[in-house]
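These notes concern the structure reproduced below.
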Amino acid sequence: NADQAMYEAKSSGRNRYCFFTHSMLETTQTRVMLARDMREAIEHENFEIYFQPIVDLNSNRIVKAEALLRWQHPTRGMISPVVFIPIAEANGLIVPLSNWMFREVAKMARRWRELASSPIQFSINVSPAQFHGDSEMPECWIDTCREYAIPGETIVLEITEGLLLKANDDVGGKLRALHQAGIQIALDDFGTGYSSLSYLKKFDIDFIKIDKSFVRDLETDPNDLVLSEAIVVMAHKLGLKVIAEGIESAGQKALLAAAGCDYGQGYLYAKPMPAAAFENLLREARAAEEAASAIEKAHR
Ligand code: C2E
Ligand code: MG
Ligand code: MG
Ligand code: MG
């Protein structure tokens, strides 16, 4: 059914689906209802943060994770961020929601610091709305890092190209303040938005994320491989690291690694998962590393 958008959310290995027709989403009634439910959900903490590992393509170690929001609605089931983030942006709830999320991620980053052999970086998606006007976002988030005693470098903010093209807000100043506190910046969904590249030199950017639309057909479409290789070469010459998202096959991984891509994220490694599952994964990875180094020692 072409008129029906299907939003899929995954939870502990099971697939749950949530159906909305485009016309349903467009009615103010639905938006008002979801906005009301969202307020309650923030109060009752019905939002959950899932974590998806990001792997170093050379060592195959988990070195980062992307935090992704999930909404478990009491009657509608799991609602995708693709549906509720735009509503939260429109009604202003994105600010308290993101502040809550930042705090939770900082808390988990603190808790997991000792678990991995080297500290994991956590990336958080940021909406342009948080850079608007007199938002206190930079100071507030820098304070949260101090409160949980995590270095700024523990956090990566994922922003989109659209944000950087907005001239009216002081985006550059806010990014600089975050950067001075050590917080890093990744350009998400790279290549899907606008074609201006000038912002790559104008703003403090640390990572480029190759969008999954370039990764999907990497093994069959030579153009996608050329584009991915070109992005890596350009990024490295500018001193940036590259993360590829949406890696689903070993073939895609091999091509990206051969192209020099630094990090990868996708179902090949793991789907986004609840905090408890991610913690188990870190423990298992740690145990496997320790076992491997014990074997190495025994053979020396
Ligand atoms: P994104 O930031 O580009 O996140 C990557 C999306 O790709 C995630 O979808 C992730 O689950 C999905 N993904 C990861 N690996 C694979 C793969 O191998 N194959 C496929 N087909 N998909 C993969 P998700 O979690 O549904 O999030 C969708 C978008 O919603 C995100 O895109 C981001 O723009 C937005 N979003 C999610 N959480 C937040 C948040 O806390 N704040 C804001 N502002 N936006 C968020
Ligand atoms: Mg992202
Ligand atoms: Mg992305
Ligand atoms: Mg994307």
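Mind checking which residues of region 232-247 are surrounded by 14 or more Cβ atoms within 10 Å (Cβ to Cβ) and more than 15 Å from ligand 1 (Cβ to nearest atom)?
Just the residues of region 232-247 that are surrounded by 14 or more Cβ atoms within 10 Å (Cβ to Cβ), to begin with: 232, 234-236, 240-247.
Correct list: 232, 234, 235, 236, 240, 241.
Just the residues that are within 16 Å of ligand 1 (Cβ to nearest atom) and within 17 Å of residue 228 (Cα to Cα), please, taken from region 195-217.
Residues satisfying the conditions are 207, 208, 209, 210, 211, 212, 213, 214, 215, 216, 217.
Okay, residues lined up against (1) part of a strand (DSSP E or B); (2) touching a Gly at 6+ places or on another chain (Cβ under 6 Å); (3) surrounded by 15 or more Cβ atoms within 10 Å (Cβ to Cβ); (4) of a type outside the set (Asp, Glu):
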residue	(1), (2), (3), (4)
189	yes, no, yes, no
197	no, no, no, yes
204	no, no, no, no
213	no, no, no, yes
223	no, no, no, yes
283	no, no, no, yes
289	no, no, no, no
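Do you know which of the residues in region 263-273 that are closer than 23 Å to residue 222 by Cβ and either aromatic (Phe, Trp, Tyr) or crowded, with 21+ Cβ neighbours inside 10 Å (or both) is nearest to ligand 4 (Cβ to nearest atom)?
The qualifying residue nearest to ligand 4 (Cβ to nearest atom) is 266.
Go through the residues of region 132-155 one by one and say whether even a single one is within 17 Å of the chain's Cα centre (by Cα), among the aliphatic types (A, V, I, L, M) and within 12 Å of ligand 1 (Cβ to nearest atom).
Among the residues of region 132-155, not one is within 17 Å of the chain's Cα centre (by Cα), among the aliphatic types (A, V, I, L, M) and within 12 Å of ligand 1 (Cβ to nearest atom), which makes the answer no.
Scan region 179-234 residue by residue and report those that are touching a His at 6+ places or on another chain (Cβ under 9 Å), at pLDDT 95 or above and over 20 Å from residue 65 (Cβ atoms).
Hits for region 179-234: nothing passes.
Report yes if residue 229 is surrounded by 11 or more Cβ atoms within 10 Å (Cβ to Cβ), assigned to a helix (DSSP H, G or I) and in contact with a Lys or Arg (Cβ under 9 Å, 6 or more places away or on another chain), otherwise no. Reasoning before the result, please.
On the way: surrounded by 11 or more Cβ atoms within 10 Å (Cβ to Cβ): yes; assigned to a helix (DSSP H, G or I): yes; in contact with a Lys or Arg (Cβ under 9 Å, 6 or more places away or on another chain): no.
The answer is no for residue 229.
Within region 69-82, which residues are among the β-branched types (Val, Ile, Thr) and either surrounded by 19 or more Cβ atoms within 10 Å (Cβ to Cβ) or part of a strand (DSSP E or B) (or both)? Write out each step before concluding.
Applying the first criterion (among the β-branched types (Val, Ile, Thr)) to region 69-82 yields 75, 79, 82.
Answer for region 69-82, where residues must be among the β-branched types (Val, Ile, Thr) and either surrounded by 19 or more Cβ atoms within 10 Å (Cβ to Cβ) or part of a strand (DSSP E or B) (or both): just 79.
Which residue out of 127, 117, 123 is more than 23 Å from residue 276 (Cα to Cα) and of a type in the set (Ser, Thr, Tyr)?
On the way: 117 fails: more than 23 Å from residue 276 (Cα to Cα); 123 fails: more than 23 Å from residue 276 (Cα to Cα).
Within the list 127, 117, 123, the selection yields 127.
The values are calculated or read from the model by the stated rules, or taken from the named source; none is laboratory data. Remember, it's a predicted structure, so these values are computed and weren't measured experimentally. Every residue, glycine among them, receives a Cβ derived from its backbone with ideal geometry; neighbour counts consider all protein chains shown.
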